[in-house]
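Written below as structure tokens is the structure these notes are about.
The values are calculated or read from the model by the stated rules, or taken from the named source; none is laboratory data. Owing to the predicted nature of the structure, the values given are computational and were not obtained by experimental measurement. We work out accessible area using only protein heavy atoms, side chains counted, and drop any ligands, DNA or RNA first. Shrake-Rupley method; radii C 1.70, N 1.55, O 1.52, S 1.80 Å.
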Amino acid sequence: TASAMFMHLRKLCNHPYIFPRPREEAPFNDQGLYEQKALVAASGKLQILEKMLPKLKERGHRVLIFSQMTKMLNILEDFLLNMNYGYERIDGNINGSERLQSIDRFNSDTSSNFVFLLSTRAGGLGINLASADTVFVYDSDWNPHNDIQALARAHRIGQTKKVMVYRFVCRATVEERMIEVTKKKMMLTH
């Protein structure tokens with residue numbers, strides 16, 4: 001179907017390792033993680049993250065990375081582990097008490113966790129990540145309100161810093177077309 005093809009193209013914009021064959025053929029390192037050089041080379045989005053994250057960490061920023069796809073969050077975990085960055089993660093498989101513990105660990109003044117990985121639709125009420133000041137939307141949602149709700153997690157009560165938001169969109173792809181359509185949706189609702 002057309003919608004299945006569209007979803008496959010969106011996945012490809014994120015990373016080829018989302019698909020079974022490239023994932024099976026991917027090189028791994030001694031720790032059982034995806035080999036970093038090949039992992040990053042396969043995705044323009046990861047190439048940008050690899051350049052930006054060290055600078056953000058050096059300057060004391062805290063980062064949220066949102067993706068709709070849990071397989072992408074898995075890939076991002078290997079990416080962060082290879083870079084030796086502490087992180088937390090919330091997706092639809094994490095229960096309420098685990099979520100709260102993860103949020104508390106991340107927001108703690110003594111936290112060494114620099115990044116929080118979240119599925120765009122996970123959470124809702126009670127997720128306050130105001131200790132973060134940089135947000136990456138790794139892949140956008142068809143419903144722009146889901147992305148807005150996700151971004152609000154860094155704009156909660158207690159936020160004292162300016163929040164920078166970066167939205168990854170692969171040029172000349174279905175992602176770019178999707179963003180154009182969602183912008184039109186937003187203009188119609190306002």
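Residues whose amide H comes within less than 5 Å of that of Glu88, counting only those at least five positions distant or on another chain, are Val115, Phe116, Leu117 (H built at 1.01 Å from N in the peptide plane). Accessible area of Arg89 (1.4 Å probe, protein heavy atoms only, ligands and nucleic acids ignored): about 40 Å².
Divided by 2.2 N^0.38 Å, where N counts the residues, the Cα radius of gyration of the stretch 37-88 comes to 1.10. For the stretch 22-148, the normalised intensity computed at q = 0.12, 0.14, 0.18 Å⁻¹ comes to -0.46, -0.62, -1.03 (log10 of I(q)/I(0), Debye sum over alpha carbons, equal scatterers, no solvent). The candidates Thr182, Thr70, Thr1, arranged from most to least accessible area with a 1.4 Å probe in the full protein assembly, appear as Thr1, Thr70, Thr182. Once all protein chains are placed together, Met164 keeps about 80 Å² accessible to a 1.4 angstrom probe. Starting from the Cα gyration tensor of the stretch 1-59, take the square roots of the eigenvalues, sort them a ≥ b ≥ c, and report rounded, prolate or oblate (rounded when a/c is under 1.5, otherwise prolate if a/b is larger than b/c, else oblate). Note, shape of the stretch 1-59 comes out oblate.
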